[in-house]
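These notes are about the structure you will find just below.
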């Protein structure tokens, strides 16, 4: 059933290979747990108490509530799939509740920090410098995910209409506007790249002209942003947070930002509707009665 479930996720739900792998690991981990503790040979015989015991073991292993909830969600999806194919199978998750999680505000870079590491000169002759700069420029200009950046091809850019075609989660395509500065930098980078490697399958490539990979993008962002930011986490996703926060703080509508980010639900975008500290300081100075007195 696990194998059939994973094939369903991959071929019918169009989940990414990364997501399918995560589901597989969760189910294999749970299967090993109930097999060792309860000597079960089939997940069909699992009871709610077994799931609760597993959750306790995950807590003892110091997993976060967010990680535990993801694993619970995996089991819910799996047993829902099982019941769809066999109505006699029970639901061991029926009496299992999700773990409470504290809502954390997304962290983000200051716009000035990103601007300081981006090249002011759109015409850079060195390939590696041009490539590293275009990675940050594209992420910051569009707010796309790291996985989406990796799949972009040269022809996904339309320099005439100033747009970029992106393939998001669930193979959902969206068109994103781009700035003129990204256009100029991208054209320059593509010309350098073609001079070295000819036509490539990927927009972003390594120093050897090979398709890039997640850790490569992560290292470039971490190293570049490490020169200006004191944040412990300096990832491509933090740039995505920065893009969303900046758009909303500058008056963009929530639905528009949702579409730009490729979120399926508005709730995923609402996390960015926090007010920045700078805005709070400005509002406080303007509105607090003591700040309106002459002797403040």
Original post:
Mind checking the angle between helix 65-85 and the chain's longest principal axis? C-alpha axes, 0 to 90 degrees, to the nearest 10.
Top reply: 60
Original post:
How would you rank 20, 238, going from fewest to most other Cβ atoms within 10 Å of each one's own Cβ?
Top reply: 20, 238
Original post:
Peptides 90-97, 132-139: what's the order by average Cβ count within 10 Å, highest mean first?
Top reply: 132-139, 90-97
Original post:
In nm, what is the difference between 0.36 nm times the number of residues separating residue 271 and residue 14 and their Cα-Cα distance?
Top reply: 89.9 nm
Subject >> Nearest-ten-degree value, helix 127-142 long axis tilted from longest Cα axis of the chain >> reply: 70
**OP:** Arrange 181, 55, 144 by Cβ neighbour counts within 10 Å, fewest through most, would you?
**Re:** 181, 55, 144
Subject >> Three-way shape label, the stretch 2-85, alpha-carbon gyration tensor, a/c 1.5 >> reply: oblate
**OP:** Rank the residues 146, 174 as a footprinting-exposure proxy: fewest other Cβ atoms within 10 Å of their Cβ go first.
**Re:** 174, 146
**OP:** Could you state the angle between the C-alpha long axis of helix 180-197 and the longest principal axis of the C-alpha atoms of the chain, as a value from 0 to 90 degrees rounded to the nearest 10?
**Re:** 80
Original post:
Under the classification rounded if a/c is under 1.5, otherwise prolate if a/b is larger than b/c and oblate if not, where does the chain fall, given a ≥ b ≥ c as square roots of the Cα gyration tensor eigenvalues?
Top reply: oblate
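Read-outs throughout are calculated quantities, based only on the coordinates presented, and are distinct from any laboratory measurement. Source: prediction; values computed, not measured. A quick note on method: Cβ atoms are made from the backbone with ideal geometry, for glycine too, and the neighbour counts reach across all protein chains shown.
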